[in-house]
1. Sort through PRO250, PRO260, PRO232 and tell me the only one that's under 21 Å from TRP184 (Cβ atoms), of a type outside the set (D, E, K, R) and either touching an Asp or Glu at 6+ places or on another chain (Cβ under 9 Å) or part of a helix (DSSP H, G or I) (or both).
2. Name the residue, out of THR50, THR83, that is outside any helix (DSSP H, G or I), out of contact with any helix residue (DSSP H, G or I) (no Cβ under 7 Å at 6 or more places or on another chain) and open to solvent by 70 Å² or more (accessible area, probe 1.4 Å).
3. Let me confirm something: among GLY44, GLY77, which residue is over 19 Å from ILE162 (Cβ atoms) and not hydrophobic (A, V, I, L, M, F, W, C)?
4. Looking at segment 115-129, which of its residues are outside any loop (DSSP other than H, G, I, E, B) and farther than 21 Å from LEU15 by Cβ?
5. Picking from LEU224, LEU218, which residue would you name as being open to solvent by 10 Å² or more (accessible area, probe 1.4 Å), under 18 Å from ALA177 (Cβ atoms) and not acidic (Asp, Glu)?
6. Would you check which residues across segment 8-35 are free of Cβ contacts under 8 Å to residues at least 24 places away in the same chain, of a type outside the set (Gly, Ala, Ser) and part of a helix (DSSP H, G or I) and list them?
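The values are calculated or read from the model by the stated rules, or taken from the named source; none is laboratory data. All of these numbers come straight from a predicted model, not from anything done at the bench. Here the Cβ positions follow ideal geometry from the backbone for every residue, glycine too, while neighbour counts run over all protein chains shown. With ligands, DNA and RNA removed, areas are computed over all heavy atoms of the protein, side chains included. Shrake-Rupley method; radii C 1.70, N 1.55, O 1.52, S 1.80 Å.
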Amino acid sequence: MENETLIRFGVFLGLFVLFAMTESMLPRRKRTQPRSTRWFTNWGITIANTVLLRLMSFGLPLLAVGAATHATAQGWGLFNALTLPFWVEVVAAILILDFIIWAQHLITHKVPVLWRLHRVHHADVDMDVTTAIRFHPVEIALSMLIKIGAVYLLGPAALAVILFEIILNGTAMFNHANIRLPLWLDAIVRRIMVTPDMHRVHHSVHRDEHDSNYGFALSIWDRLFGTYIPQPAAGHDDMEVGLEWQDARPSRLVWSLTLPFARK
């Protein structure tokens, strides 16, 4: 797809500004740390991720969208073996990819070496739209490799992968944002999509709560597989977000990048 990178970046930036403005006007929780230091670190991590993915694209030119184009050209993957209407293929591919990301997320909580990487994301002691981009570069690289493998197995149209990436990024920013939704609206939206209140439970300091609500886009997978917790035990105003480091350390860039390699 022509200008695919520019389109995706434009949508990402537009949604980021929208959610950042909304959470400033309608905050769900009070901040415990200055936004400037957290944003510097979280953006610093995502810049490192962008550089790493760019380097990967030189050695592995077929990232997710390229893999879809290549699989289609070679006739590889499930959807290239089936005769389906194009729109059915696109919807089915997005649903399957969303489930794969849900399952990958669950596995990162269960496998100790992967949890060491993923806890960089969970260490953030406040939650806002930048928490959605706070993932360790090694985790991002592994996630991309999994995504490429899934695309080759499925053989979806490149458009499906692009739409999935846009939806994944957009919904991740939405459900990490510190936005106060009316309770009645939250109850309706979370029947389909993961809401900020639903995902905040996943960022609780308590293990039983942060081992729940793994979804980024659709809420159906957690309901289906019994990993859904509707509300935090302490309530959204009083719950603690983050892990055991309830101080300024998670807001430091070097500390966050080196956390997976720390002894503890």
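1. On the way: PRO250 fails: under 21 Å from TRP184 (Cβ atoms); PRO260 fails: under 21 Å from TRP184 (Cβ atoms).
On inspection, the qualifying residue turns out to be PRO232.
2. On the way: THR50 fails: outside any helix (DSSP H, G or I).
Going through THR50, THR83 in turn, the sole match is THR83.
3. Values: GLY77 fails: over 19 Å from ILE162 (Cβ atoms).
Result: GLY44 is the single residue among GLY44, GLY77 that is over 19 Å from ILE162 (Cβ atoms) and not hydrophobic (A, V, I, L, M, F, W, C).
4. Step one: filter segment 115-129 for residues outside any loop (DSSP other than H, G, I, E, B), giving 115-122, 129.
Result: TRP115, ARG116, LEU117, HIS118, ARG119, VAL120, HIS122.
5. Working: LEU224 fails: under 18 Å from ALA177 (Cβ atoms).
Answer to the selection: LEU218.
6. The answer is PHE9, LEU13, VAL17, LEU18, MET21, MET25.
One line per residue, one yes/no per condition, for (1) closer than 26 Å to PRO27 by Cβ; (2) outside any helix (DSSP H, G or I); (3) open to solvent by 30 Å² or more (accessible area, probe 1.4 Å):
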position: THR131; (1), (2), (3): yes, no, no
position: ILE140; (1), (2), (3): no, no, yes
position: SER143; (1), (2), (3): no, no, no
position: LYS147; (1), (2), (3): no, no, no
position: PRO156; (1), (2), (3): no, yes, no
position: PHE164; (1), (2), (3): no, no, no
position: ASN175; (1), (2), (3): yes, no, no
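For every residue, the table says whether it meets (1) assigned to a loop (DSSP other than H, G, I, E, B); (2) touching a Gly at 6+ places or on another chain (Cβ under 8 Å); (3) closer than 18 Å to THR108 by Cα.
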| position | (1), (2), (3) |
| --- | --- |
| TRP184 | no, no, no |
| ASP208 | no, no, yes |
| PHE216 | yes, no, yes |
| ARG223 | no, no, no |
| GLY226 | yes, no, yes |
